[in-house]
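The values are calculated or read from the model by the stated rules, or taken from the named source; none is laboratory data. Quick caveat: nothing in here was measured; it's all calculated off a predicted structure. When we count neighbours, we look across all protein chains shown, and the Cβ atoms used for this are built from the backbone with ideal geometry, even at glycine. The accessibility values were calculated without ligands, DNA or RNA, using every heavy atom of the protein model including side chains. Shrake-Rupley method; radii C 1.70, N 1.55, O 1.52, S 1.80 Å.
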Amino acid sequence: IDRHLLEQAHGRGMPVIELDGAEAQLGLLAGLPGEAALELLRQTAGEILAGDIPIADMLNAWLRGDAEAVQQVVKADLTTDLQAVYDTLIVERNRTMVRRIIDELRPQQTLFVVVGAAHMGGPSGLVRGLRAHGYTVEQQ
């Protein structure tokens, strides 16, 4: 999806910026405590092998445009140990992305923002973060 949207933007001559690049994401991953990173890897691998990843639930929520339901699926299986990982990979990045979006906005301007579905909903999601700063956020 990202590649397709990026190609469409370039094809239309639209400016493209990164809200947080690969280097920043790798830095966050590298900063995770060793046990938390291993627990995330163990849990994810276990879910993949057992076929327990609720991809269908997440996809259906995404197709409905239900950011809150996507957030519930993402957080459903978080153990206490993984809450810190979630805070790093989602919550901290959301704060950074909200600041970056605000920095890019100009009066009477519309931005088209592409992010992973897990970043949209929930109390720390981009939608609430931008609305908290007085911005109007619309889902198309």
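Could you run through region 87-115 and say how many residues are open to solvent by 70 Å² or more (accessible area, probe 1.4 Å) and over 16 Å from the mean Cα position of the chain (by Cα)? So that I can check it myself, show each step before the final result.
Step one: list which residues in region 87-115 are open to solvent by 70 Å² or more (accessible area, probe 1.4 Å), which gives 92, 95, 99-100, 103, 106-110, 112.
Checking which are over 16 Å from the mean Cα position of the chain (by Cα) leaves us with 103, 106-110.
Counting residues in region 87-115 that are open to solvent by 70 Å² or more (accessible area, probe 1.4 Å) and over 16 Å from the mean Cα position of the chain (by Cα) gives 6.
For the residues ALA69, ALA84, ALA118, ALA61, the requirement of being part of a helix (DSSP H, G or I), modelled with pLDDT under 80, among the hydrophobic types (A, V, I, L, M, F, W, C) and surrounded by 14 or more Cβ atoms within 10 Å (Cβ to Cβ) singles out ALA84.
I'd like to check something: does region 34-53 contain any residue that is closer than 24 Å to GLN139 by Cα and either in contact with a helix residue (DSSP H, G or I) (Cβ under 9 Å, 6 or more places away or on another chain) or of a type in the set (S, T, N, Q) (or both)? Give the derivation first.
If we filter region 34-53 for residues that are closer than 24 Å to GLN139 by Cα, which is where we start, we get none.
No - not one qualifying residue is present in region 34-53.
Residue by residue through region 6-35, note down the ones that are under 19 Å from the mean Cα position of the chain (by Cα), assigned to a helix (DSSP H, G or I) and either of a type in the set (Phe, Trp, Tyr) or surrounded by 11 or more Cβ atoms within 10 Å (Cβ to Cβ) (or both). Across region 6-35, the qualifying residues are LEU6, ALA24, GLN25, GLY27, LEU28, LEU29. Reported count of residues in region 121-140, each being surrounded by fewer than 10 Cβ atoms within 10 Å (Cβ to Cβ) and closer than 18 Å to LEU59 by Cα, is 2.
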